[in-house]
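Encoded as structure tokens, the structure appears first; notes follow it.
Just so you know, all these numbers are worked out from the coordinates, no wet-lab data involved. Just so it is clear, the structure is predicted and the values come from calculations on it, not from any experiment. All Cβ positions, even for glycine, are placed from backbone atoms using ideal geometry, and neighbour counts span all protein chains on display.
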Amino acid sequence: MTRSDATDRLLDRFSTELRDLAPAAVWAHGSLGGGDYREGISDLDLIVVLDGPIRARTLWKVARLHARLRAEPLVAKLHCSYLTRDTVDGAERQHLTWAHQQLFKRTVTPVTRRELHTFGLVLEGEPPGSLLPPVADDELAEFVVRDQRDFWRRQVDRADNWTQDVWVDLGLVTYARATVTLKDGRLITKREALDLLPGLGAPAELVADVRRRRYEEPGAPLQEWTARRAELTRGYLGPAIDSLVAAYE
């Protein structure tokens with residue numbers, strides 16, 4: 001895990017700014033929780049649990065909190081959902097969330113919930129096991145199949161997405177992770193997913209491209225490679241997702 005002063009400073013600032021909200025817990029999941037964090041590349045995925053309901057004044061405080069962090073170098077990578085003790089249950093609930101430098105509502109998915117129970121990093125307060133209901137294996141599997149079928153498979157047909165690094169990286173890694181979760185119920189890191197992809201039939205040059213940008217030399221690819229990479233990714237993921245979904249539906 002690559003974590004330096006900039007990450008620690010942002011997390012410390014965030015913790016300090018949170019004091020006015022008196023959180024019951026602050027947790028990290030994703031790469032930071034799982035030990036595969038890459039500073040400047042990985043998102044800082046956080047969950048805050050508050051004691052009381054989220055009212056208009058709470059919303060104002062959260063907006064002010066994130067505004068005060070805007071000068072921090074890594075702040076664009078900070079994503080945080082705000083739950084309360086009374087709203088932690090139910091993966092279908094919409095929660096106040098700060099991501100992509102704006103406030104909106106979204107769910108805390110079964111995958112995120114399982115991550116928190118499996119390798120959630122407690123930054124403050126109570127651990128996930130004391131507040132967050134467990135995720136049943138069938139609930140997790142149903143979500144993973146639905147995500148592959150209803151989101152990722154549809155995105156494969158949208159050609160413009162696949163000229164962007166983020167779509168290539170997430171599409172390939174999420175598929176590899178899905179195969180493992182559906183096979184044996186485990187959650188794996190992005191590094192483990194990249195290690196598995198060649199054995200799942202992914203083109204070696206695609207895997208090498210993602211690995212290089214994540215772990216070696218980040219940088220914009222050449223235009224010719226961008227176009228070829230898009231074709232390779234879509235040509236691989238479409239049939240792969242179809243086969244995976246058919247096997248587990």
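Taking every alpha-carbon pair under 8 Å whose residues sit at least 6 apart, region 1-139 reaches a relative contact order of 28 percent.
What shape does region 1-141 have by the C-alpha gyration tensor, where a ≥ b ≥ c are the square roots of the eigenvalues, rounded means a/c under 1.5, and otherwise prolate means a/b greater than b/c and oblate the rest? Oblate is the answer for region 1-141, as a/c is 1.5 or above yet b/c matches or exceeds a/b.
Report note on the peptides 32-39, 147-154: ranked by the mean count of other C-beta atoms within 10 Å, highest first, their order is 32-39, 147-154.
Membrane-span-like helices in the chain (whole DSSP H runs, Cα extent of at least 27 Å along the helix axis, mean Kyte-Doolittle hydropathy of at least 0.0): 165-184.
For a straight C-alpha distance cut-off of 12 angstrom, the aspartates and glutamates reachable from residue 77 (same-chain residues fewer than eight places away being disregarded) are 39, 43, 45. Amide H contacts of residue 123: 26, 27, 28, each under 5 Å away and 5 or more positions distant or on a separate chain (H built 1.01 Å from N in the peptide plane; Pro and chain starts excluded). Expressed in units of 2.2 N^0.38 Å, where N is the residue count, the Cα radius of gyration of region 1-63 is 1.24. For the pair region 35-92 / region 171-249, the C-alpha centres are spaced 28 Å from each other. One decimal place: the segment residue 186-residue 211 gains 6.8 nm when fully extended, by the rule 0.36 nm per residue minus the C-alpha distance.
With contributions of -39500 (n - 2.57) from each DSSP H run of at least four residues, the per-residue ellipticity at 222 nm computed over the chain stands at -14500 deg cm²/dmol. Amide H contacts under 5 Å for residue 83: 48, 49, 50, restricted to partners 5 or more places along the chain or on a different chain, H placed in the peptide plane at 1.01 Å from N.
Per-residue 3J(HN,Hα) values for region 187-194, derived from phi via the Karplus relation 6.51 cos²θ - 1.76 cosθ + 1.60 with θ = phi - 60°, read 9, 10, 7, 5, 4, 5, 4, 5 Hz in sequence order (x marks Gly and Pro).
Here the simple spin-label model places points 7 Å from the Cα toward Cβ, and for residue 68 and residue 103 these points are separated by 1.5 nm.
Database remark: amide H of residue 78 closer than 5 angstrom to the amide H of 44 (H placed geometrically; neighbours at sequence offset of 5 or more, or on other chains; Pro and chain starts carry no H). The peptide list 193-202, 65-74, put in order of mean Cβ contacts within 10 Å with the highest first, becomes 193-202, 65-74.
Pairwise alpha-carbon distances in the chain exceed 29 Å for 33% of all pairs. Other residues with beta-carbon under 14 Å from the beta-carbon of residue 95 carry, at +1 per Lys or Arg and -1 per Asp or Glu, a net charge of +1. Shape analysis of region 92-170 places it in the prolate category; the axes a ≥ b ≥ c from the Cα gyration tensor give an a/c of at least 1.5, with a/b above b/c. Normalised by residue count, region 174-216 yields a Cα convex hull volume of 59 Å³ per residue.
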